[in-house]
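Participant: The structure's right below; bear with me while I get my questions together.
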Amino acid sequence: MEASSGNQDAFKSYKKKLVKKWITQIEIISEFAKTEPQTVYFWFTHGWVHKLNYFLSIIPDFSDELKVLDETINQKLLPVMLRRNCISEDERKLFSLSRKLGGIGIPIF
């Protein structure tokens, strides 16, 4: 059974609110990463990513909205946390690998 367009509009609005909230969290924690990068890394990889993965498992068709979130992570969180001015695309792919494979376990969404 298909959902009505009103329900789909509400669902899209809900997804956008979630992503906006997550972007705000990343921006706030990026400021904290200036002085405590290891704490932020632990928070991000052991807490926040698990919460995000939960939402990804229960909410369908989230990929378009997550592009903005991924850009925020790439432009605001990673440079501060890793003490780099910019992160190349190849470095970003390397960082997304698990620690067992030589990365740091920060997923690309």
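Participant: What are the residues in segment 81-105 that are among the aliphatic types (A, V, I, L, M) and in contact (Cβ under 8 Å) with a residue 60 or more places away in the chain, if any?
Facilitator: Ile104
Participant: On to the next question. Does Phe32 satisfy the criteria of being without any contact (Cβ under 8 Å) to a residue 40 or more places away in the chain, of a type in the set (Phe, Trp, Tyr) and surrounded by 14 or more Cβ atoms within 10 Å (Cβ to Cβ)?
Facilitator: Numbers: without any contact (Cβ under 8 Å) to a residue 40 or more places away in the chain: yes; of a type in the set (Phe, Trp, Tyr): yes; surrounded by 14 or more Cβ atoms within 10 Å (Cβ to Cβ): yes.
It is true that Phe32 is without any contact (Cβ under 8 Å) to a residue 40 or more places away in the chain, of a type in the set (Phe, Trp, Tyr) and surrounded by 14 or more Cβ atoms within 10 Å (Cβ to Cβ).
Participant: Turning to a different aspect of this structure: Let me spell it out: the conditions are (1) touching a helix residue (DSSP H, G or I) at 6+ places or on another chain (Cβ under 6 Å); (2) free of Cβ contacts under 8 Å to residues at least 12 places away in the same chain, and Ala10 meets all of them except one. Which number is the exception?
Facilitator: Every condition holds for Ala10 apart from (1).
Participant: Determine which single condition Ile23 fails, assuming it passes every other condition in (1) assigned to a helix (DSSP H, G or I); (2) without any contact (Cβ under 8 Å) to a residue 24 or more places away in the chain; (3) touching a helix residue (DSSP H, G or I) at 6+ places or on another chain (Cβ under 9 Å).
Facilitator: The single condition Ile23 does not satisfy is (2).
So that you can scan it fast, the table gives a plain yes or no per residue for (1) over 20 Å from Lys34 (Cβ atoms); (2) surrounded by 11 or more Cβ atoms within 10 Å (Cβ to Cβ):
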{"position": "Leu66", "(1), (2)": "yes, yes"}
{"position": "Thr72", "(1), (2)": "no, yes"}
{"position": "Gln75", "(1), (2)": "no, yes"}
{"position": "Leu78", "(1), (2)": "no, yes"}
{"position": "Lys100", "(1), (2)": "yes, no"}
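Participant: In segment 3-29, what residues are among the aliphatic types (A, V, I, L, M), surrounded by fewer than 15 Cβ atoms within 10 Å (Cβ to Cβ) and modelled with pLDDT of 95 or more?
Facilitator: Correct list: Ile28 only.
Participant: Here's something else I'd like to know. Assess whether Phe55 counts as being surrounded by 12 or more Cβ atoms within 10 Å (Cβ to Cβ), within 24 Å of Gln8 (Cβ to Cβ) and either under 16 Å from the mean Cα position of the chain (by Cα) or of a type in the set (Ser, Thr, Tyr) (or both).
Facilitator: For Phe55, the condition - surrounded by 12 or more Cβ atoms within 10 Å (Cβ to Cβ), within 24 Å of Gln8 (Cβ to Cβ) and either under 16 Å from the mean Cα position of the chain (by Cα) or of a type in the set (Ser, Thr, Tyr) (or both) - is met.
Participant: Touching a residue at least 12 places away in the same chain (Cβ under 8 Å), assigned to a helix (DSSP H, G or I) and over 29 Å from Arg83 (Cα atoms), is that true of Lys16?
Facilitator: The answer is yes for Lys16.
Participant: Starting from segment 51-66, take each residue that is at negative phi and among the charged types (D, E, K, R) and list its partners that are surrounded by 14 or more Cβ atoms within 10 Å (Cβ to Cβ) and in a helix (DSSP H, G or I), counting only C-beta distances under 6 angstrom and pairs at least six apart or across chains.
Facilitator: Glu65/Lys15; Glu65/Val19
The values are calculated or read from the model by the stated rules, or taken from the named source; none is laboratory data. All figures in this text were calculated on a predicted structure; none of them were measured in a lab. Cβ atoms come from the backbone with ideal geometry, glycine included; neighbour counts cover every protein chain shown.
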